[in-house]
1. So if I check each of 61, 66, 39, which one is over 19 Å from residue 118 (Cα atoms) and surrounded by fewer than 20 Cβ atoms within 10 Å (Cβ to Cβ)?
2. Would you check if there is a residue in the range 172-183 being touching a residue at least 60 places away in the same chain (Cβ under 8 Å), in a loop (DSSP other than H, G, I, E, B), surrounded by fewer than 16 Cβ atoms within 10 Å (Cβ to Cβ) and in contact with a strand residue (DSSP E or B) (Cβ under 7 Å, 6 or more places away or on another chain)?
3. Looking at 151, 141, which one is at negative phi, in contact (Cβ under 8 Å) with a residue 40 or more places away in the chain and within 14 Å of the chain's Cα centre (by Cα)?
4. With at pLDDT 95 or above, closer than 19 Å to residue 75 by Cβ, touching a helix residue (DSSP H, G or I) at 6+ places or on another chain (Cβ under 8 Å) and assigned to a helix (DSSP H, G or I) as the only criterion, which of 150, 161 stands out?
5. Just need a number here: residues in the range 61-89 that are out of contact with any helix residue (DSSP H, G or I) (no Cβ under 8 Å at 6 or more places or on another chain), assigned to a helix (DSSP H, G or I) and at pLDDT 95 or above.
6. Can you name the residue in the range 71-103 that is farther than 14 Å from residue 20 by Cα and out of contact with any strand residue (DSSP E or B) (no Cβ under 8 Å at 6 or more places or on another chain) and, of all such residues, is surrounded by the most Cβ atoms within 10 Å (Cβ to Cβ)?
7. Against the conditions (1) farther than 21 Å from residue 209 by Cβ; (2) surrounded by fewer than 16 Cβ atoms within 10 Å (Cβ to Cβ), where does residue 194 fall short? Just the number, please.
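The values are calculated or read from the model by the stated rules, or taken from the named source; none is laboratory data. These figures come from a predicted structure and were not determined experimentally. All Cβ positions, glycine included, derive from the backbone under ideal geometry; neighbour counts span all protein chains shown.
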C-alpha cells in the first residue's frame, strides 16, 4: 500500500506532466506531426519500455505530447545531464520527466544507475533512445549496451518507435525549421513485444534485436 507522501508525490508528477504534455501537444504535435501510426494499440493501464530512433531533442518532447494524448503517462526519459542542463528551459523541462546520467564519464556504478531506471518502470512509462546520440533521421545506428541492463531490470513490453522526417524539423547540428517542418513528422509505433521474447538474449543479441525492431518501423516508400 502506498504511503500518503508517495501518493502526493505521484499526484504532483502527474499534474506537472499533464500540463507539460498538453503544452507539447499544442506546440509540437499539432503543428509538426502529420500522422501517428499504431498509438491506439497501446493500453494506457500498462507500463511499457519505449525504444526510439534519435534525431533531435524534440523527439522526447513530441513523444511526451503523444503519451499525454493517449493517456500513457507519467513518463520517464533517460537523458544526458550535459545536454539537458545547458539552459534553464531544458532544466525545467527535464525536472519532472527525465532520469539524467552523465554520459561519457567513467562511472563504476553506471550499470546500477541503468537498472534503477529500469526498475522505475513500476511507476513510469520508460523512454530510451538506445543509439546514445542523435542520428540523421533515416538510419538507425548500433544501439548502446545500456539498453540491455535497462530491459533486464524493467522486464516490460518493448515498444519500438521510428520518427520519420524529424530531420526536416530539427537535428543535432542544424537549425530549427519552424515553417518548413510543418506537418512533416510521422511517428510509427510498433506492436508491444512481450519480455519473454527478448529476456533470454545475450547483450549483443539484444542490442541488435532492438536496432532491428526500430528499423522495421521505418516505412518503405
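1. On the way: 61 fails: surrounded by fewer than 20 Cβ atoms within 10 Å (Cβ to Cβ); 66 fails: surrounded by fewer than 20 Cβ atoms within 10 Å (Cβ to Cβ).
None of the other options fit; the residue is 39.
2. Start the filter on the range 172-183 by keeping residues that are touching a residue at least 60 places away in the same chain (Cβ under 8 Å), which leaves 172, 181-183.
With the extra rule that they be in a loop (DSSP other than H, G, I, E, B), the set shrinks to 172, 181-183.
Pick out the ones that are also surrounded by fewer than 16 Cβ atoms within 10 Å (Cβ to Cβ) and you get 172, 182-183.
Retained after the next criterion (residues that are in contact with a strand residue (DSSP E or B) (Cβ under 7 Å, 6 or more places away or on another chain)): 183.
Yes, because at least one residue in the range 172-183 is touching a residue at least 60 places away in the same chain (Cβ under 8 Å), in a loop (DSSP other than H, G, I, E, B), surrounded by fewer than 16 Cβ atoms within 10 Å (Cβ to Cβ) and in contact with a strand residue (DSSP E or B) (Cβ under 7 Å, 6 or more places away or on another chain).
3. Details: 141 fails: within 14 Å of the chain's Cα centre (by Cα).
From the options 151, 141, the qualifying one is 151.
4. On the way: 161 fails: assigned to a helix (DSSP H, G or I).
None of the others qualify; the one that does is 150.
5. Counting residues in the range 61-89 that are out of contact with any helix residue (DSSP H, G or I) (no Cβ under 8 Å at 6 or more places or on another chain), assigned to a helix (DSSP H, G or I) and at pLDDT 95 or above gives 1.
6. First pass over the range 71-103, keeping only residues farther than 14 Å from residue 20 by Cα: 78-88, 99-103.
Now drop any that are not out of contact with any strand residue (DSSP E or B) (no Cβ under 8 Å at 6 or more places or on another chain), which leaves 82-83, 86-88.
Details: 82: 13, 83: 15, 86: 10, 87: 9, 88: 8.
By that ranking, first place goes to 83.
7. Among (1) farther than 21 Å from residue 209 by Cβ; (2) surrounded by fewer than 16 Cβ atoms within 10 Å (Cβ to Cβ), residue 194 violates only (1).
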